[in-house]
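Have a look at the structure below before the remarks.
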Amino acid sequence: MTIERVKATPLHVARVHRLVERAASLPDVRAEVEANHDENRWWPTSISDPRMRMLAAGWSTRVSYRMIETYARVIASADAYGFDSLVAATDAELGTLVRPLGLPRARIDYLRSLVELLGCWEKEGVDPTAEPADCDALIFDLAARVRGASYKVAQCALLTARGYHCGIIPVDSGMVTKLAPALGLTLPPGAVAHERMRHVLEAAVHARSAEFRALVTDNAYQVRLPAAAQPTWFVHLVLIYFKRLYLNGPSLRLCRRRPVCSRVVDCPHPPLKPDLPGGERAQRDRQHQP
């Protein structure tokens with residue numbers, strides 16, 4: 001069973017391209033993408049075992065960006081043990097390993113249930129890294145059967161297992177709540193929104209792959225993009241860092257009239273002025289209205 005793929009309308013495709021085009025041209029976004037494209041600190045390529053990559057993706061949940069150094073040390077230690085040694089470890093040993101990340105019970109449960117799922121896949125002859133594998137079905141299965149694995153986590157686990165350029169654009173909660181409105185996307189409530197938005201973004205990149213790919217050279221990005229790869233990983237990073245830098249605040253450079261405004265940032269529309277304490281600015285403005 002999978003979630004039915006929604007077709008991206010021409011308007012959605014145009015809006016996704018317009019947003020990525022503008023975001024990719026921003027120097028601060030480019031700096032972040034360049035720092036994370038070829039070697040991502042959350043999901044390092046130094047981890048060669050796909051099972052360990054899936055574990056690393058699951059253990060990255062509920063870890064803030066401020067904790068990236070701590071997370072990197074824990075994942076490096078886990079990789080040094082090896083996946084099979086982790087499986088054989090006691091809960092007490094695993095708890096000591098993951099305690100710096102917090103939520104040790106949840107992380108141990110993720111590992112144990114991931115092992116169960118991988119065992120079932122092996123019996124069924126399912127290889128999550130195989131080219132013909134149905135990514136949508138695998139994501140749905142992982143989200144349904146692994147404790148602590150939401151659709152977001154399942155997307156990331158499959159992405160890391162298969163490699164950055166496998167065609168998956170993982171969607172997090174901030175993309176659903178902040179990027180979707182910027183694109184005029186109406187999403188269903190609940191966790192399924194992550195999957196629906198992922199489908200739209202992936203469809204947009206596939207529909208205009210050459211144009212998205214051209215953004216790499218047009219903006220002089222210093223990244224390695226395989227010749228045969230869809231630029232899904234590039235688009236994912238552009239959107240993630242645009243969200244973090246401009247939407248989480250949000251930035252005063254961000255237009256409040258999106259998605260109607262085509263400029264997204266630095267447009268001619270004046271930004272909303274922050275209100276004074278107690279709504280004094282709004283009260284004062286009403287007093288001076290004719």
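The values are calculated or read from the model by the stated rules, or taken from the named source; none is laboratory data. In this text the structure is predicted, and so the values were computed from the model without any measurement. Quick reminder, even Gly has a Cβ in these numbers, built from the backbone with ideal geometry, and neighbours come from all protein chains shown. With ligands, DNA and RNA removed, areas are computed over all heavy atoms of the protein, side chains included. Shrake-Rupley method; radii C 1.70, N 1.55, O 1.52, S 1.80 Å.
Taking only DSSP H segments of four or more residues, each worth -39500 (n - 2.57), what value at 222 nm results for the chain once the sum is divided by all its residues, to the nearest 500 deg cm²/dmol? Don't skip to the answer; put the middle values down first.
Details: 14 runs with 155 residues, N = 290.
After summing the helix terms and dividing by residue count, I get -16000 deg cm²/dmol.
Give, as ranges by residue number, the residues of segment 87-108 whose backbone N falls under 13 Å from the point 7 Å along Cα→Cβ of Arg73.
97-102
Mind jotting down the distance between the C-alpha centroids of segment 123-144 and segment 1-68, whole Å?
If we compute the Cα centre of each part, the gap is 20 Å.
Under the 0.36 nm per residue contour assumption, what length would be gained going from the current alpha-carbon distance of Asp134 and Asn40 to full extension?
Numbers: separation 94, 0.36 × 94 = 33.84 nm, distance 2.46 nm.
Between Asp134 and Asn40, full extension yields an extra 31.4 nm.
State the percentage of accessible surface on the chain attributable to carbon and sulfur atoms; use a 1.4 Å probe and exclude ligands, DNA and RNA. Don't skip to the end; give the middle numbers.
Values: 7740 of 14280 Å².
Answer for the chain: carbon and sulfur cover 54 percent of the accessible area.
Determine ³J(HN,Hα), in whole Hz, for all residues of segment 152-166 in sequence, where each value follows from phi through the Karplus function 6.51 cos²θ - 1.76 cosθ + 1.60 and θ = phi - 60°; x replaces Gly and Pro.
Once θ is set to phi - 60°, the couplings for segment 152-166 become 4, 5, 4, 4, 5, 4, 5, 4, 5, 5, 8, x, 3, 9, 7 Hz.
Would you mind telling me which residue in Ala204, Ala214, Ala24 has the biggest mean-square fluctuation in a Gaussian network model of the chain, where springs connect alpha carbons within a distance under 10 angstrom?
Top of the fluctuation ranking is Ala214.
Measure nothing fancy, just the Cα-based angle from helix 50-59's long axis to the longest principal axis of the chain, in degrees from 0 to 90, nearest 10.
50 degrees
Sort the following peptides by mean Cβ neighbour count (other Cβ atoms within 10 Å, averaged over residues), highest first: 143-155, 229-241, 30-42. Don't jump to the answer; show the numbers that get you there.
On the way: 143-155: 20.7, 229-241: 23.7, 30-42: 16.2.
Highest mean packing first, the order is 229-241, 143-155, 30-42.
Quick one, which of (i) 20.6; (ii) 22.4; (iii) 18.4 is the actual Kirkwood radius over Cα pairs in Å calculated for this model?
The listed entry that was calculated here is (i).
Hey, can you grab everything whose amide H is under 5 Å from the amide H of Val265? Only 5+ residues off in sequence or another chain; H modelled, so Pro and N-termini drop out.
Here the answer is Cys255, since their amide H atoms fall under 5 Å of that of Val265.
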